[in-house]
Structure formats: structure tokens, C-alpha cells
1. How many residues are at positive phi and either surrounded by 17 or more Cβ atoms within 10 Å (Cβ to Cβ) or touching a Cys at 6+ places or on another chain (Cβ under 7 Å) (or both) when one looks only at the range 31-72?
2. Just give me the residues in the range 46-95 being assigned to a strand (DSSP E or B) and among the charged types (D, E, K, R), in sequence order.
3. Output the qualifying pairs, or none if there are none: Cβ atoms under 8 angstrom, residues six or more apart or on different chains, first residue in the range 93-120 and under 26 Å from Thr172 (Cβ atoms) and surrounded by fewer than 18 Cβ atoms within 10 Å (Cβ to Cβ), second residue among the β-branched types (Val, Ile, Thr) and modelled with pLDDT of 95 or more.
4. Report the residue count in the range 79-92 for those that are surrounded by fewer than 18 Cβ atoms within 10 Å (Cβ to Cβ) and touching an Asp or Glu at 6+ places or on another chain (Cβ under 8 Å).
5. Scanning for something surrounded by fewer than 17 Cβ atoms within 10 Å (Cβ to Cβ) and in a loop (DSSP other than H, G, I, E, B), does the range 23-30 turn up at least one residue?
6. Is it true that Val142 is under 18 Å from His176 (Cα atoms) and not basic (Lys, Arg)?
7. Which condition number in (1) touching a Gly at 6+ places or on another chain (Cβ under 8 Å); (2) crowded, with 18+ Cβ neighbours inside 10 Å; (3) modelled with pLDDT of 95 or more is the one that Trp14 fails?
8. Please state which of the following conditions Thr168 fails to meet, knowing it meets all the rest: (1) within 15 Å of the chain's Cα centre (by Cα); (2) exposed (fewer than 14 other Cβ atoms within 10 Å of the Cβ); (3) not aromatic (Phe, Trp, Tyr).
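The values are calculated or read from the model by the stated rules, or taken from the named source; none is laboratory data. Predicted model, so just to flag it, every value in this text is computed and none were measured. Cβ coordinates were reconstructed from backbone atoms using ideal geometry, including for glycine residues, and neighbour counts include every protein chain displayed.
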Amino acid sequence: MATGAMIHTFNVQWADMDRGVYEDFSLRVARHPSETDAYMLTRLLAYCMEYEDGIAFSEGISSTQEPAVLVRDLTGQVTVWIEVGAPDAERLHQASKLAGRVAVYTHRDPARVMAAWSGKRIHRARDVVVRSFDPGFIDSAVAAIERRNELTLSLTESQLYLDLNRTTLQSTVHDHRIE
């Protein structure tokens, strides 16, 4: 955990009706001083939406060799590489070689994020999924973050329903593919 990191606790109730994943869990999320609340919340949403056995947060900003979130199998092999924000093309290229699946969750304009990759080599680029949310969704949710948080999330047919500390929001989860 980074020095000076602010710790947020999230008691999560997660229901992914599309995948049949229903879990209740608590997470302690460290927000590094150089990390925005929007990035931290997107990282948390990526963790929840990708939830499966072996999922974990990496060491974050202090670890340049790992993504924000990853899934390892029982042997320790990375099976899912989950980036947050706007990673560069070289990082995605390497990730696609290391993991069976790569996803990017962004709180930024996905068209701008993906434009930076145009013309650059990304291994299995068409398999990389980029997920974004409706404009304003992340900013509205960030306003509800406290040090201790109650979070209820449900996902059905690409609709994400969020209740964070009695603030209720909804967004479509947009999937984009690299051309």
C-alpha cells in the first residue's frame, strides 16, 4: 500500500444477472494521492464487473508491471488483464501476449482513448474489449463516495444499476472494440 494512500471501505452487494454471479464482499481500496476518485471508482467497478475466483487489485500505481486489476488461476498465471483509464498501446500489446483476455475500463471519452492506439501494434487487438459508461455517470457516483461505503450493484443486459450510500444511478455499459 502506498504511503499517504487514503483507504476507502466498500461493502458490496453484486448481482451480475447476465453471468449468474451473485456475491457479497467487503473491499478495502487504497487511493494513492496521485489517483483521482474517478479512477478509483472505475477500478472498483472493473473489479466488480469482472468478479471471479482469483481476482485481485494489483499494487496499483507503484507496480508498473501489472494492471489495476487482474485474475490469476491456481498456478499464479494471469488469465485476465484489466486496465483502467487510458493505457498506451504498447502496454496492451504486452498484456495481450501475457493473458488470455484483456479488458480496459475507462472513465474518459472512449473515442479519445482508442484514438491514441490508432495505427499502433496491439497483439489480438480485436479481442481487447474497452468498456465505458454514460457521460456524467462516474462523476455523479464519485460525489457519493465516503470513507466507509455501502455499494449495491446489479448488471443486466448492459444496464448497470448502482446504489452508493443512498445515491442511486444507472448507466449503460458500452463495449467498444479496437479496429
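1. Going through the range 31-72 one residue at a time, the tally reaches 1.
2. Arg72, Glu83
3. Correct list of pairs: Arg101/Thr79; Arg101/Val80.
4. 2
5. No, that holds for no residue.
6. no
7. (1)
8. Failing condition for Thr168: (1).
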